[in-house]
Amino acid sequence: MPLSAFALTDKLPFCVSSLAYAPLGIHSFGLLYPVLTIFFITASSVVVTYVCAKAYARERLLGVLFLGCGALVFGWSSLITALLFGSSGIPAAASVLAPGALLSGLFHLACAMSTRLGFGARISKGYHAPLWLSVAALSVVLIAAASLLGLAPTFYSSSAGATAVGDVTLVAAVLEFGCSSALEYSAFQASGSRVLFWYTASLLATTIGLAGVLLSGGQTVSVAMRLGWVALFVGGVLLLLSVVWAERLSGGQLAGDRAPGLSTAFIISGRPQG
Amino acid sequence: MLEESIVEGLRYVLGESGLQVVLRQRPLQVLASDPTEFHEALTSIFKEAGAAIIEKEIARRLLDKAGTKEDQLHRSWLSTVIIRAGAARRVSQAEKKALRQYVALADLPRAHGAEVSSSRHGMGMAKSIELTSLAFADAFKKGS
């Protein structure tokens with residue numbers, strides 16, 4: 001069965017639920033935090049980025065490209081945050097998470113505007129995918145380097161907690177993800193596409209997650225912080241579900257020598273159902 | 001005239017890249033000289049229904065070039081199809097789009113070059129990812 005591994009992701013929400021208690025002691029779990037981040041956020045972002053790059057190569061939709069960039073930035077900045085959290089402390093981790101979320105939110109907002117408002121909906125040719133994805137990856141590297149070298153602004157102070165810069169950056173990121181979620185929900189209502197539904201849910205969960213981190217004031221033991229991270233994990237799973245749904249639309253029912261996944265109606269009308 | 005019609009018809013329906021994909025499977029001279037071979041080449045990619053759409057378009061063009069002199073034609077499938085093509089509408093955008101999806105699939109193994117010898121499972125996975133990405137993009141197109 002094509003992409004049968006994706007079927008496992010059906011169970012992921014239940015896994016997330018069962019792991020919801022893990023963040024309650026996440027700071028003392030050593031490698032658990034990075035492992036959870038890799039499993040729920042980074043792995044999902046890698047799959048989504050790859051699918052978006054392929055989708056862009058075929059259909060030249062700028063929105064899909066921005067979505068891939070946003071997933072890439074958030075997935076990897078979350079992973080670096082998780083790794084720095086254990087090794088370099090909260091200030092270094094915060095200086096990666098906040099700008100990473102801000103940049104990722106910007107990409108998701110561009111995607112939502114492109115999808116709903118038709119901004120730069122389709123471009124004819126060019127090598128935008130490698131360029132934009134490289135820019136996104138380079139941004140993550142620069143953010144991490146700035147954090148490690150101490151060149152980044154102070155987003156979190158060990159003595160005073162979250163700084164104004166950190167708060168403003170996170171508020172901006174929350175607004176970006178929130179607006180993106182609203183726009184994508186509008187697009188979902190217009191199209192009825194379940195792919196957009198899961199993507200919208202993912203953006204909403206990420207918004208809630210970042211809001212939780214913001215409200216915690218950087219206190220890792222606070223409930224808001226822990227629930228925020230659970231929401232971010234759920235967001236990663238939901239983002240993956242949007243791809244899984246696309247896979248089901250395209251390939252779940254048909255296999256073999258027929259064009260896999262293209263229903264007869266799709267062949268004739270050019271439109272998959274759902 | 002037949003070769004011209006085949007090239008023009010394939011290019012109109014499938015685009016330049018689609019034309020090249022079909023011609024990579026069978027040379028134009030083979031396609032033009034052996035209608036059975038041509039039909040098989042098309043059905044191997046587009047199945048019976050898709051092949052009929054393309055053949056109608058080619059036949060329609062051939063009919064335009066040849067007028068209504070059916071006695072000029074000695075091809076079994078052409079003689080059948082061309083009669084239908086006389087009244088046939090042009091290939092719609094939706095049909096073109098759907099058939100180009102097939103071209104994308106047909107082109108996949110070649111796109112991977114050295115991986116042509118990879119297992120059927122691997123090719124199935126590649127096709128599945130390709131189709132997933134198409135369905136994913138389609139969702140965003142519908143949202144606008």
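In this structure, does A:Phe74 turn out to be buried (at least 21 other Cβ atoms within 10 Å of the Cβ), closer than 30 Å to B:Gly15 by Cα and touching a helix residue (DSSP H, G or I) at 6+ places or on another chain (Cβ under 8 Å)? Considered against the rule, which asks whether it is buried (at least 21 other Cβ atoms within 10 Å of the Cβ), closer than 30 Å to B:Gly15 by Cα and touching a helix residue (DSSP H, G or I) at 6+ places or on another chain (Cβ under 8 Å), A:Phe74 comes out as no. Contact list please: Cβ distance under 6 Å, first residue in the stretch A:164-190 and under 22 Å from A:Ser242 (Cβ atoms) and more than 14 Å from chain B (Cβ to nearest Cβ), second residue of a type in the set (S, T, N, Q) and crowded, with 17+ Cβ neighbours inside 10 Å, pairs at least six apart or on different chains. Listed pairs, sorted by first residue: A:Val174/A:Thr207; A:Phe177/A:Thr206; A:Phe177/A:Thr207; A:Gly178/A:Thr207. Comparison of B:Ala135, B:Ala104, B:Ala49, B:Ala41 shows that the only residue that is touching a Lys or Arg at 6+ places or on another chain (Cβ under 8 Å), assigned to a helix (DSSP H, G or I) and at pLDDT 70 or above is B:Ala41. Taking the stretch A:215-270 as the range and being at pLDDT below 90, part of a helix (DSSP H, G or I), within 30 Å of B:Lys47 (Cβ to Cβ) and among the hydroxyl-bearing types (Ser, Thr, Tyr) as the test, the residues that pass are A:Ser250, A:Thr264, A:Ser269. Taken over the stretch A:209-229, the criterion of being touching a helix residue (DSSP H, G or I) at 6+ places or on another chain (Cβ under 6 Å) and of a type in the set (Val, Ile, Thr) is satisfied by A:Val213, A:Thr220.
Scanning the stretch B:1-18 for residues that are modelled with pLDDT of 80 or more and crowded, with 21+ Cβ neighbours inside 10 Å yields B:Ser5, B:Ile6, B:Gly9, B:Leu10, B:Val13, B:Leu14.
Of the residues making up the stretch B:43-50, one or more are over 10 Å from the mean Cα position of the chain (by Cα), of a type in the set (A, V, I, L, M, F, W, C) and within 14 Å of B:Val91 (Cβ to Cβ). Against the list (1) hydrophobic (A, V, I, L, M, F, W, C); (2) modelled with pLDDT under 90; (3) over 21 Å from A:Gly236 (Cα atoms), the condition A:Leu133 fails is (3).
Could you list all residues from the stretch A:185-199 that are crowded, with 24+ Cβ neighbours inside 10 Å and closer than 11 Å to A:Leu239 by Cα? Correct list: A:Val195, A:Leu196, A:Tyr199.
The values are calculated or read from the model by the stated rules, or taken from the named source; none is laboratory data. All values derive from a computational prediction rather than experimental measurement. All Cβ positions, glycine included, derive from the backbone under ideal geometry; neighbour counts span all protein chains shown.
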